[in-house]
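Below is one structure, written out as structure tokens; comments come after it.
Every read-out reported here was derived from the displayed coordinates using simple, explicitly stated rules and does not represent laboratory data. For clarity, every value in this text was computed on a predicted model and none was experimentally measured. Using ideal geometry, Cβ is built from the backbone for each residue, glycine included, and neighbour counts are taken over all protein chains shown.
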């Protein structure tokens, strides 16, 4: 499914988020920079937009299980004259040594894990003790405009996604996956349960998305 929409993925992100995805990536990049990593791993990197937004002074690698997405990410990195090592990998079984990276990021990928708990534990496995996990994921909007924004997520992506990408399945899957995904305090509790400390959740754009951050314990 992701391979079928790869050629329209970036355009759809701009359109469906009304351009807000750029701000979300900048926020994630600031969080990464604050951790001052020597090595960052962007899991579910897709076409590379998130990884390419990070500070060029630190090393970043990207991995994804979708080869058409990685092909586009490699082309984009070359066009921007950026060094971005890319490799194919299953997020539930990453081909990365334990305690290897300082920061792991996942943007709009964890809700697609076949087994969420197993995937989160795998992300933590490759983090060094004290390393940071940053997750940017869709969530259910709340507040005054919550009903309007929830209606947007439920109705607009399938219609626009089908029109631009020609794929009716991919963007019907989006609202369903968001509605079924644990979010807010439930996600914080899960991240603490799998071994993270100092876990926080920051809603953005009225709760359309949330940034989760936690650190791997230095004791294990």
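Overview of results
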read-out: Spin-label pair residue 71/residue 114, simplified geometry with 7 Å Cα→Cβ offset, distance in nm; value: 2.3
read-out: Residue 99-residue 219 pseudo-label distance in nm [points 7 Å out on the Cα-to-Cβ vector]; value: 1.7
read-out: Ranked packing of 112-124, 87-99, 46-58, most packed first, by mean Cβ within 10 Å; value: 46-58, 112-124, 87-99
read-out: Projected label distance in nm at residue 190 and residue 26, using a 7 Å step from Cα toward the beta-carbon; value: 3.0
read-out: Sequence of 26, 74, 216 once ranked by neighbouring C-beta atoms within 10 Å, starting from the fewest; value: 26, 74, 216
